[in-house]
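Working notes, structure below.
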């Protein structure tokens, strides 16, 4: 098991080095992405990236999700590198059918009383417009709740991870009897 973990860590390091070499070869793109906030890895930017990825994935925007996501990540200074995989995991070829059905069902159940009287269009085009309105209303309801929950869950997970990492470093420093920045920061008076 230890060899497998080491192999995975080495593969991850090689992949990270390839990405960094690619970015170093394109300094203008790197500066632009950095200025946009797409490469920031602080807790707030990563959590905003999770929120943007969830919101865009849970709206019926298949086909133009990436373009919308780049713009929204730029607007909110969210991490696009996190937003893209989150959106891809949530909305892909296997999940798009059930998601769209859930959007329509939820929109019809919650907003049917509001949407049906507003849309008075005879024929098939009226039914298509009504079904589309149900789907958009249901998707916005699901996307908003999932976005808020995903944002706060990712903030909690990232803070917990940072605290654990600090405790581990302090424990290792105590064990090795070395000075530890995490320990020294708490002793300031």
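The values are calculated or read from the model by the stated rules, or taken from the named source; none is laboratory data. Computed from a predicted model, the values in this text were never measured in an experiment. Glycine gets a Cβ as well: all are built from the backbone with ideal geometry, and neighbour counts include every protein chain shown.
Examine the stretch 95-104 for a residue that is in a loop (DSSP other than H, G, I, E, B), more than 14 Å from the chain's Cα centre (by Cα) and at pLDDT 85 or above, and state whether such a residue exists. Yes, the stretch 95-104 contains a residue that is in a loop (DSSP other than H, G, I, E, B), more than 14 Å from the chain's Cα centre (by Cα) and at pLDDT 85 or above.
If you check 109, 133, which single one turns out to be at pLDDT 85 or above, in a helix (DSSP H, G or I) and over 27 Å from residue 34 (Cα atoms)?
Working: 133 fails: at pLDDT 85 or above.
Of 109, 133, the one residue that is at pLDDT 85 or above, in a helix (DSSP H, G or I) and over 27 Å from residue 34 (Cα atoms) is 109.
When each of 159, 183, 165, 169 is tested for being surrounded by 11 or more Cβ atoms within 10 Å (Cβ to Cβ), more than 30 Å from residue 59 (Cα to Cα) and at pLDDT 80 or above, the lone residue that passes is 165. Among the residues of the stretch 61-86, which ones are assigned to a loop (DSSP other than H, G, I, E, B), without any contact (Cβ under 8 Å) to a residue 40 or more places away in the chain and in contact with a helix residue (DSSP H, G or I) (Cβ under 7 Å, 6 or more places away or on another chain)? Of everything in the stretch 61-86, those that are assigned to a loop (DSSP other than H, G, I, E, B), without any contact (Cβ under 8 Å) to a residue 40 or more places away in the chain and in contact with a helix residue (DSSP H, G or I) (Cβ under 7 Å, 6 or more places away or on another chain) turn out to be 61, 62.
Tally time: how many residues in the stretch 44-60 are under 20 Å from residue 137 (Cβ atoms), surrounded by fewer than 24 Cβ atoms within 10 Å (Cβ to Cβ) and at pLDDT 90 or above? It would help to see each step written out before you state the result.
Residues of the stretch 44-60 under 20 Å from residue 137 (Cβ atoms): 54-60.
Imposing the further condition that a residue be surrounded by fewer than 24 Cβ atoms within 10 Å (Cβ to Cβ) reduces the set to 59-60.
Subsequent filtering for residues that are at pLDDT 90 or above retains 59.
Summing the residues that are under 20 Å from residue 137 (Cβ atoms), surrounded by fewer than 24 Cβ atoms within 10 Å (Cβ to Cβ) and at pLDDT 90 or above in the stretch 44-60 gives 1.
Condition check: surrounded by 15 or more Cβ atoms within 10 Å (Cβ to Cβ), within 12 Å of the chain's Cα centre (by Cα) and closer than 23 Å to residue 130 by Cα. Does residue 78 satisfy that? No: the conditions fail for residue 78.
With respect to residue 45, is the statement that it is outside any loop (DSSP other than H, G, I, E, B) and in contact (Cβ under 8 Å) with a residue 40 or more places away in the chain true? No; evaluated as a whole, the condition is false for this residue. Before we move on, is residue 39 closer than 27 Å to residue 159 by Cβ, in contact with a helix residue (DSSP H, G or I) (Cβ under 8 Å, 6 or more places away or on another chain) and assigned to a loop (DSSP other than H, G, I, E, B)? It is true that residue 39 is closer than 27 Å to residue 159 by Cβ, in contact with a helix residue (DSSP H, G or I) (Cβ under 8 Å, 6 or more places away or on another chain) and assigned to a loop (DSSP other than H, G, I, E, B).
Confirm whether residue 143 is at pLDDT below 90, surrounded by 14 or more Cβ atoms within 10 Å (Cβ to Cβ), out of contact with any strand residue (DSSP E or B) (no Cβ under 8 Å at 6 or more places or on another chain) and in a helix (DSSP H, G or I). Let's see the steps before the verdict.
On the way: at pLDDT below 90: no; surrounded by 14 or more Cβ atoms within 10 Å (Cβ to Cβ): yes; out of contact with any strand residue (DSSP E or B) (no Cβ under 8 Å at 6 or more places or on another chain): yes; in a helix (DSSP H, G or I): yes.
In short, no.
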